[in-house]
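Working notes, beginning with the structure itself.
The values are calculated or read from the model by the stated rules, or taken from the named source; none is laboratory data. From a predicted model like this one, the values you see are computed outputs, not experimental measurements. Cβ coordinates were reconstructed from backbone atoms using ideal geometry, including for glycine residues, and neighbour counts include every protein chain displayed.
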Amino acid sequence: MKLARSNQSQVVLTRVSFGLSGNFSCEVTADAPSFATSIVSNTMEVVVLPPSPPTIQTSQHFHAPGDVLRANCSCGPSRPPAELAFYINDSPVTPGLHQVLPMAEGLFRSEFFVQIQLWPAHYERGAPILRCEARAGDLYREDAAVALYSGSGDPKIERVTSPGSAATLLGCQILIIVNTILWICRTNIT
């Protein structure tokens, strides 16, 4: 028990084991002359919260409409195991496969796998955002998010209308050169 953090409405316990979970009673007795006594019972559960936010892994770096997204979210170690959920643009992704893996010291690692076809509607406002939310009761709520970039940023030559002056033509030539350099850089990165 840590008396420095305890007060008249709460008792702080430290260095407890999972075996301490169970039914507890608190008894309060008033001073003289009444010595009235009140007893309240409740269940206590010893928990270990995940040490960090969840992590997301996807099967590929770039995703385009029509691709099948395969993603994994993992969180832990904790007890109880974290509950995981995926969202694309804040819409739930279902169904999925949820696994709870036992770890050392009575802790658990949670994993959630999803597979979903990406549609053009997912890209209406730009790159869709894939978010994983991890919860452990009312005590823990964290998320991780990744943008699902399409990788279709290949340079496109825009239609040039009436290049009447040399300055406009020079500007178009510079734009084409910059787009080509960007395309070469992207190709070498992937």
Quiz prompt | Per-region count, segment 88-104, residues more than 30 Å from Tyr123 (Cα to Cα) and surrounded by 10 or more Cβ atoms within 10 Å (Cβ to Cβ) | solution = 4
Quiz item: So how many residues does segment 21-51 have that are of a type outside the set (Val, Ile, Thr) and touching a residue at least 60 places away in the same chain (Cβ under 8 Å)?
Solution: 2
Quiz item: Restricting attention to segment 43-80, and to residues there that are in contact with a Pro (Cβ under 9 Å, 6 or more places away or on another chain) and assigned to a loop (DSSP other than H, G, I, E, B), which single residue is modelled with the lowest pLDDT?
Solution: Glu45
Practice problem: Return the residue satisfying two criteria in turn: it lies in segment 105-132 and is of a type in the set (D, E, K, R) and farther than 30 Å from Gly151 by Cα, and of such residues it is surrounded by the most Cβ atoms within 10 Å (Cβ to Cβ). | Solution: Arg109
Quiz prompt | Scan of segment 81-105 for residues that are polar (S, T, N, Q) and either modelled with pLDDT of 90 or more or touching a Pro at 6+ places or on another chain (Cβ under 7 Å) (or both), ordered by number | solution = Asn89, Ser91, Gln99
Quiz item: Just checking, how many residues over segment 3-42 are in a strand (DSSP E or B) and either closer than 30 Å to Phe108 by Cα or touching a helix residue (DSSP H, G or I) at 6+ places or on another chain (Cβ under 7 Å) (or both)?
Solution: 6
Quiz prompt | Flag for Pro54 being in contact (Cβ under 8 Å) with a residue 60 or more places away in the chain and over 19 Å from Ile129 (Cβ atoms) | solution = no
